[in-house]
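Comments concern the structure below.
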Amino acid sequence: MLRIGITGQNGFVGYHLTQTIKYCTDFEIVNFEKNYFTDEVGLDAFVSNCDVIVHLAAMNRHPDAQVIYDTNLSLVQKLIDALKRTKAKPHVLMSSSIQEERDNLYGKSKKEGRELLETWASSAGAKFTGLLIPNVFGPFGLPNYNSVVATFCYQISRGIHPKIDIDGDLNLIYVGDLVQEILGQVKETSLVTKLTIAPTHEVKVSEILNLLQGFESKYHQNAEIPSFASKFELDLFNTFRTYFEYRNLYPKKFKKNTDPRGVFVELIRLNIGGQVSFSTTVPGITRGNHFHTRKIERFAVIKGNALIQLRRIGTEEVFDFELDGNEPSFVDMPIWFTHNIKNIGQEELITIFWINEFYNPEDPDTYFEEV
């Protein structure tokens, strides 16, 4: 089993790569701590235990560009020093940037760092892959740091109207697709020292903003699932959904239409297909305790009393939502959040589930993890 270490494993790309390896592959994660870069013993032990190292740790933003340059080269040099001290020869992959060829100190730091690692690999007889990566977007990116997508999602989800300074064209790749590219290079047997990762979509900044504002209107305000013209739009929608403050978001109550015959409730408005199912759950029983990486899912309680819980993978905070069938309501499941539903009442619980794709046992996108 390949042992993979990731510097910067708690960063944006590092988080997604780490969790994907843990839940979706047979590889083993070698834990990395940020303080290893100031602890030679810890760093030496880390590089010695790895068959593969993915070097993601870097500084992207700072008021002083020279600090970015110095920091990024220092991190690379410390990694090389540890590799030399231990004589370890793991396959090293480094995340560089399409900004390598631009006239800025960040791009210069990435290019020179990549070249230093390539020189080490050539001298040591080790394998090295430098990855030139376009702009990355996806769930949990930091606003005003990782991408304009993260900034827009954060602002719109909190009622702030974003402003566009320059309506340029962006070459983007979804973080999940980037993770698969990295894992593909981990498995690659041929020697590729420099690889430019192709973007999955080219889009104007204004187009991104228009799509997100449409999601806000249809989904957040009216609980409607929009249509998606491409995988990019689905990825953008799933990204957008992760930026809400969940503690105050759910449960959302349905509108009850009552007359002498009884009650009529509209559960969901769809501009896409999917699968609808229902379950009955006896008192005290919990269903779920799993998460998805791409699926959109809605739990609607129409009878009984339920506790729905959510927890983002890799974190400890649990969100609790109580739902009462006398006031039918729902909770949508964000990707990368493990979730469950428990009957906390004294009668049978009836729940209706909608999910945006049919269940495929060959590709279930369902990973079990206790909330």
Criterion (closer than 26 Å to GLY314 by Cα and modelled with pLDDT of 95 or more) met by exactly one of THR7, THR71: THR7
Filter result (assigned to a strand (DSSP E or B) and among the hydrophobic types (A, V, I, L, M, F, W, C)) within the range 305-332: ALA306, LEU307, ILE308, LEU310, VAL318, PHE319, PHE321, LEU323, PHE330, VAL331
Determine whether PHE244 is farther than 12 Å from ILE296 by Cβ and under 19 Å from the mean Cα position of the chain (by Cα). yes
Top-ranked residue in the range 26-63 [being over 26 Å from LEU105 (Cα atoms) and among the aromatic types (Phe, Trp, Tyr); ranked as surrounded by the fewest Cβ atoms within 10 Å (Cβ to Cβ)]: PHE27
Residue count, the range 248-257 (criterion: touching a strand residue (DSSP E or B) at 6+ places or on another chain (Cβ under 8 Å) and either assigned to a strand (DSSP E or B) or over 15 Å from MET333 (Cβ atoms) (or both)): 6
If we keep only residues of the range 324-353 that are of a type in the set (Ser, Thr, Tyr) and closer than 25 Å to ASP365 by Cβ, then the residue surrounded by the fewest Cβ atoms within 10 Å (Cβ to Cβ) is THR338
Pick out the one residue from GLU101, GLU112, GLU118 that is out of contact with any helix residue (DSSP H, G or I) (no Cβ under 9 Å at 6 or more places or on another chain) and of a type in the set (Asp, Glu). GLU118
Of the residues that make up the range 52-70, is at least one part of a helix (DSSP H, G or I) and farther than 23 Å from ASN144 by Cβ? no
I'm told GLN213 meets every condition in (1) among the polar types (S, T, N, Q); (2) surrounded by 14 or more Cβ atoms within 10 Å (Cβ to Cβ); (3) closer than 17 Å to ASP177 by Cβ except one. Can you identify the failing condition by its number? (3)
Taking the range 333-371 and keeping only residues that are part of a strand (DSSP E or B) and touching a helix residue (DSSP H, G or I) at 6+ places or on another chain (Cβ under 7 Å), one is left with TYR367
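The values are calculated or read from the model by the stated rules, or taken from the named source; none is laboratory data. A quick note: this is a predicted structure, and the numbers were derived from the prediction, not measured. Neighbour counts are summed over all protein chains in view; Cβ atoms, including those assigned to glycine, are modelled from backbone coordinates with ideal geometry.
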